[in-house]
Structures are given as structure tokens and as C-alpha cells.
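Encoded as C-alpha cells, the structure appears first; notes follow it.
FYI, it's all coordinate maths here, none of it is from the lab. Just so it is clear, the model here is predicted, and its values are computed rather than measured. For neighbour counting, all protein chains shown are included, and Cβ atoms are generated from backbone atoms with ideal geometry for every residue, glycine included.
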Amino acid sequence: MENIEKITDIQKKLIILIKKYEDSTRKLLDCDIDDITNLVATRGNVLKRIDELTKAVNFLARDDSRIIPAFTNQCERNSLPSELQEIFDLRQEFNIYAVRAHEMEPEIIERIQMTKEMLMKKIRENNSGSTAKAAKYYNAGLTHGENFYFPKNNKKI
């Protein structure tokens, strides 16, 4: 019974974490380009913590074979004793947030790819044409076999 109380406490922490994960995921859909790295890192840290807590639940459940099916929702709720139904219900709540976050993933990937393509296009435009002055100076000297704008270092020690 003591392990069941510990597991339900851990599950409540898991729900707080998965809500944070979902929130970070939602922010990735419309955040500034500069914030993407921090949000991805935040999500990664949350996932690590979720994994740690899930391992703790598995460790606590090692002596009672009924807990894991309840924790993973791999049984019917009505077949569980009342003390395990809360574990089942908390996992259901966790799954709601996890599924919503998972459903946002394709949009996030698409957004990041579109942003990458846009930035690559800007880089290519900046490196060609009249705006790429430094590249022109560097390349102009190379056409004669020597770079006049960036001469060799002839100093010897």
C-alpha cells in the first residue's frame, strides 16, 4: 500500500512534467527563431526527468505484478482493485497531454525545416550578387593566381 501512495505521488509529478513538455511543444509552433534551441533543450530536460520518474515507478512496482498493467493502461480499469484505479486514472490523464504534444510534432518539424530553408536562401543571396563584397575581394585576387587583398605572410622568425 505504501508503494501505491509513492507511485501516485510520482504520477502527479509526471503530470506536471508532461504539462510543461506540452507547453514547450506548443511554444515551438510560434516562437522566435532564437528561442527554438532553448525550448528544445527544455523539452529534452523534461523528457529525461520523465524517464527517471518512470524508472522509479517501475522499481516501486517490482513486487506487485498488478501495478505495471495499471500504470501502463494495459488492462481494463474495472478489473482493477480500487487502490490501483487511481494509478490507472492518473496515467490516463498523463496520456492526454502526451498525445496532444505528440500530435504537434509534425507541425514543429515542418516549421523548423521551412525556417532552415528560408535561412539557407538568405545566406545564398548574401553570398552572391553585389552584396557579397568580401567574397568578391577574396575571389578577385585568386583569378590571377595570387590573392592581392590577403597577401601571404612573408615574415620569418
Have a look at F88, I109, N126 and report the one farthest towards the positive end of the charge dipole of the range 72-126, computed about the Cα centre with Cβ charges (Lys/Arg +1, Asp/Glu -1). N126
Gained length - R49 relative to E107, 0.36 nm times residue gap less alpha-carbon distance: 18.4 nm
Modelling each spin label as a point 7 Å along the Cα-to-Cβ direction, I'd like the D32/K116 distance in nm, to one decimal. 2.3 nm
Take K6, project a point 7 Å from its Cα along the Cβ direction, then tell me which residues of the range 51-69 have their backbone nitrogen under 11 Å from it. 56-63
May I ask for the Rg/Rh ratio of the range 34-127, computed from Cα atoms with Rh as the Kirkwood radius, given to two decimals? 1.23
Quick one: which of K6/K27; K20/K121; K13/K116; K27/K121; K20/K122 span more than 29 angstrom between C-alpha atoms? K6/K27; K20/K121; K13/K116; K20/K122
Please compute the modelled spin-label separation between D89 and D64, points set 7 Å along Cα→Cβ, answer in nm with one decimal. 1.6 nm
